[in-house]
Amino acid sequence: MILTITMNPSIDISYPLAEFKLDTVNRVRNVRKTAGGKGLNVTRILKQLDADVVASGLIGGFLGEEIKKDLDQTKIAHDFLPISGETRNCIAVLHEGQQTEILESGPVITKEEAAAFLEHFEQLAKRASIISFSGSLPEGLSVDFYSQMLQRCEGKPVVLDCSGEALKEVLTGDAKPHLIKPNTEELAGLLEKPISTNAVELKAALSDSIFDGIEWIVVSMGGEGAFAKHFDKFYRVMIPKIAVVNPVGSGDATVAGLTDAIEKGFSDEAILKQGNVLGMLNAQEATTGYVELANYQTLFDQIKVEEV
Ligand code: ATP
């Protein structure tokens, strides 16, 4: 099975408003509430791909129960560790073509809960063929928590999608993920310099010693596709122009596509095509973490993967 990890999940609430008025009452009709957090977006796409997926991480309180209910309704297997803190809400107000977000930082994890999760995770990892870690770490966990989890995977491949200090810690740790998927902005943050989409520059960037020991690096570039390194091979992934509705979560859909393809033992070309197809299919929908698979093959056939 594929194990997905979401350490700081949320109930994502969207409030569409014709006009957002400050310092007065705004009434909302079409409220949408979903179990969110990057790892749960990955999970939903994997479920749509018919993968045998189990979602785990930390959840607590009333909203934690709501997340479990949401996953049960969509028949997604889950095994979260309960915590004493309350799972967070993340609110997006959609108004006049703009998106104003209010993001709670979420619960603070105790030392005991952190230790209990590592044990819980170790047991789950034994049953997994591949594991994905997505998103930020909640407060209270040390910045090297993903490294600590990587040490408990018994060599199972890990697909990691996180940024900032948590990613830097993993790159300096001994236990390496199988694949990382930074976008261009995250790559620039890691290397502390601006990065263009020029192949020569990207090859040099991905050859930086900070990536030593990582088998796959897939840099996602939004509407410009992706650039990847697998061992010593470099690939440019060229995608067709599509009508974009909502690209939020396309990176998570890409992670789901890559993880599923690696688990199935696809070729390099097919792994990269599937990752991009899922990202594009997500971008074509209003709902984050939902894809229309009927369009899979048409997009797959239009993507070009070129070794550079
Ligand atoms: P997020 O953080 O919102 O999940 P991301 O920045 O991690 O996204 P992106 O690089 O934006 O990830 O998107 C991942 C993939 O989805 C791209 O490599 C591409 O295949 C597809 N995609 C995203 N945006 C577009 C777009 N505007 N047009 C076509 N394809 C897109």
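A few points about this structure:
- Some residue of segment 90-104 being buried (at least 17 other Cβ atoms within 10 Å of the Cβ), of a type outside the set (A, V, I, L, M, F, W, C) and either over 30 Å from Gly265 (Cα atoms) or in contact with a strand residue (DSSP E or B) (Cβ under 7 Å, 6 or more places away or on another chain) (or both): no
- Test: Ile76 is under 27 Å from Gln274 (Cα atoms) and either surrounded by 13 or more Cβ atoms within 10 Å (Cβ to Cβ) or more than 18 Å from the chain's Cα centre (by Cα) (or both): yes
- Residues of segment 64-99 that are within 21 Å of Phe133 (Cβ to Cβ) and either part of a strand (DSSP E or B) or of a type in the set (A, V, I, L, M, F, W, C) (or both): Ile67, Leu71, Ile76, Ala77, His78, Phe80, Leu81, Pro82, Ile83, Arg88, Cys90.
- Qualifying helices (runs of 4 or more DSSP H) (wholly inside segment 222-308; at least 3 residues being of a type outside the set (Gly, Ala, Ser), near the ligand (Cβ under 10 Å from one of its atoms) and touching a helix residue (DSSP H, G or I) at 6+ places or on another chain (Cβ under 7 Å)): 250-263, 268-283
- The one condition in (1) more than 12 Å from the ligand (Cβ to nearest atom); (2) out of contact with any helix residue (DSSP H, G or I) (no Cβ under 8 Å at 6 or more places or on another chain) that Ile214 fails to fulfil: (2)
- For segment 167-217, a residue qualifies if it is hydroxyl-bearing (Ser, Thr, Tyr) and within 24 Å of Leu141 (Cα to Cα), and exactly one does: Thr172.
- Flag for Gly106 being in contact with an Asp or Glu (Cβ under 6 Å, 6 or more places away or on another chain), small (Gly, Ala, Ser) and in contact (Cβ under 8 Å) with a residue 12 or more places away in the chain: no
- Conditions (1) in contact (Cβ under 8 Å) with a residue 24 or more places away in the chain; (2) within 19 Å of Ile303 (Cα to Cα); (3) over 23 Å from the mean Cα position of the chain (by Cα): number failed by Asn198: (1)
- Residue in segment 260-279 that is closer than 25 Å to Val158 by Cα, surrounded by fewer than 14 Cβ atoms within 10 Å (Cβ to Cβ) and aromatic (Phe, Trp, Tyr) present: no
Bear in mind that the values in this text are calculations on the coordinates, not laboratory data. Predicted model, so just to flag it, every value in this text is computed and none were measured. With ideal geometry, Cβ positions are generated from the backbone for all residues, glycine too; neighbour counts draw on all protein chains shown.
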